[in-house]
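The values are calculated or read from the model by the stated rules, or taken from the named source; none is laboratory data. Everything numeric in this text was worked out from a predicted model, so none of it was measured. Positions of Cβ are backbone-derived with ideal geometry, glycine not excepted, and every protein chain shown enters the neighbour counts.
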Amino acid sequence: MMGRFLSIVVRGCIVLVGLGLLGAPVFAQGNGPARTPPMGWNSWNHFACKVTEADVRSAADALVSTGMKSAGYIYVNIDDCWQGTRDEKGVIHPNGKFPDMKGLSDYVHAKGLKLGIYSSPGPKTCAGFEGSLGHEELDAQSYAQWGIDYLKYDYCSFQGDFAAQMAAYEKMHEALEKTGRAIVFSLCQYGMDRVWRWGPSVGGNLWRTTDDISDDYNDMAYIGFGQNGLERFAAPGHWNDPDMLEVGNGRMNKDEYLTHMSLWCLLAAPLLAGNDLSKMTPDTLAILTNPEVIGVDQDALGSQGHRVAQEGQLEVWVKLLADGSKAVGLFNRGESVMPVTAYFRDIGVGDTASVRDLWEKKDLGVYSSSFTAQVPKHGVVLLKIK
């Protein structure tokens with residue numbers, strides 16, 4: 001049985017919207033930035049309001065020198081606390097920690113990277129700096145003149161009902177469009193009002209689905225595993241965003257960070273590192289740059305994974321890949337090592353299938369009916385099954 005369809009205009013393109021059997025909009029592929037989930041770095045998780053231009057330059061340097069750029073991390077995103085005051089014409093200027101935003105942009109671009117920035121549709125940002133309310137076009141023009149490639153637009157102090165909220169995000173989207181510069185538009189309003197249903201219609205390339213993440217296993221697991229059911233709202237150019245990565249910030253162990261990275265990749269989530277890139281351990285770098293794991297996140301099909309089996313604290317998640325294979329995560333949310341089984345009937349492969357361990361980068365052989373692995377406490381085994 002086929003669903004109903006209608007067409008709307010999103011980012012200047014005709015987009016086919018299927019209402020589907022459940023009445024949920026499914027946005028077809030469109031043009032524009034973020035055809036795969038954005039990858040890069042964001043200043044907030046580690047530096048918060050202490051961030052300086054020197055920190056951002058250092059992050060750009062590290063993306064190149066560590067090989068993260070080659071792995072796909074290209075956005076260098078300044079979060080809150082860069083703003084200064086507005087002049088008599090209403091034009092925003094950076095504060096003293098960012099004396100030359102255009103020079104910083106040129107520095108980042110010279111390395112083959114892209115620069116991101118942060119603002120709010122309200123009068124103030126979360127940290128109390130100047131927001132964009134009433135200055136949307138001026139701010140968008142400033143961003144374009146500086147060479148900005150990504151805008152995180154954080155709800156914070158905005159006041160208004162649902163219609164006003166949509167209008168505020170659409171207003172900035174139109175202002176960005178008017179500049180003629182391709183700027184990724186990241187909606188940050190914490191999953192209120194089912195943003196995944198309307199985010200694309202106001203120009204969003206990605207939208208936060210949750211409150212802020214922290215470097216804590218229980219918080220990360222609550223956010224990540226809670227994304228189940230949102231998979232039908234993700235598509236190339238339009239992504240659910242469960243917030244930035246905490247890998248390497250030190251409060252989770254290796255198995256927990258492997259779970260974090262594996263789950264975000266199965267979710268086709270943006271991969272924005274939030275650690276100090278200049279002080280990474282070999283384990284942190286290996287987790288962030290495993291090409292086979294990143295390949296799951298960046299797969300061209302743009303499918304978001306979902307849970308297909310659960311037994312207490314044990315879960316099996318599956319993501320369909322463009323080559324017809326399945327990325328499969330065997331997760332143990334419990335407190336001791338446990339066997340976790342992926343039954344081939346649950347994940348939609350034939351009676352016999354080949355299995356590869358993506359973290360170990362090793363073929364495990366051909367199996368019949370199912371595959372079982374011993375999974376550590378709070379850990380994962382990430383597989384490609386075909």
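Brief remarks follow.
- A search for C-beta distances below 7 Å between a residue of segment 194-209 that is on the phi > 0 side of the Ramachandran plot and any residue that is buried (at least 24 other Cβ atoms within 10 Å of the Cβ), counting only pairs 6+ apart in sequence or on different chains, returns GLY203/HIS173; GLY203/PHE185.
- Any hit, segment 243-265, residues being of a type in the set (Lys, Arg) and more than 19 Å from GLY226 (Cα to Cα): yes
- Yes/no for PRO282 being surrounded by fewer than 24 Cβ atoms within 10 Å (Cβ to Cβ) and without any contact (Cβ under 8 Å) to a residue 12 or more places away in the chain: yes
- Residue within segment 67-89 that is touching a strand residue (DSSP E or B) at 6+ places or on another chain (Cβ under 7 Å), free of Cβ contacts under 8 Å to residues at least 40 places away in the same chain and crowded, with 22+ Cβ neighbours inside 10 Å present: no
- Checking each residue of segment 234-247 against the condition of being without any contact (Cβ under 8 Å) to a residue 40 or more places away in the chain and farther than 21 Å from ASP357 by Cα gives at least one match.
- So PRO121, is it surrounded by 18 or more Cβ atoms within 10 Å (Cβ to Cβ), without any contact (Cβ under 8 Å) to a residue 24 or more places away in the chain, more than 22 Å from LYS279 (Cβ to Cβ) and not aliphatic (A, V, I, L, M): no
- Selection from segment 62-84 of residues that are β-branched (Val, Ile, Thr) and closer than 25 Å to PHE185 by Cβ: ILE74, VAL76, ILE78
- All helices (runs of 4 or more DSSP H) inside segment 161-272 with 1 or more residues being within 26 Å of SER303 (Cβ to Cβ) and over 18 Å from the mean Cα position of the chain (by Cα): 162-179, 254-266
Condition check ((1) surrounded by fewer than 17 Cβ atoms within 10 Å (Cβ to Cβ); (2) of a type in the set (S, T, N, Q); (3) touching a residue at least 40 places away in the same chain (Cβ under 8 Å); (4) not assigned by TED's automatic domain parsing to the domain that holds ALA234) across all residues:
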site: GLN310; (1), (2), (3), (4): yes, yes, no, yes
site: VAL316; (1), (2), (3), (4): no, no, no, yes
site: ASP323; (1), (2), (3), (4): yes, no, yes, yes
site: VAL337; (1), (2), (3), (4): yes, no, yes, yes
site: VAL340; (1), (2), (3), (4): no, no, yes, yes
site: ILE347; (1), (2), (3), (4): no, no, no, yes
site: LYS361; (1), (2), (3), (4): yes, no, yes, yes
site: SER370; (1), (2), (3), (4): yes, yes, no, yes
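- Test set (1) in contact with a Lys or Arg (Cβ under 6 Å, 6 or more places away or on another chain); (2) over 23 Å from PHE47 (Cβ atoms); (3) of a type in the set (A, V, I, L, M, F, W, C) - CYS188 fails condition number: (2)
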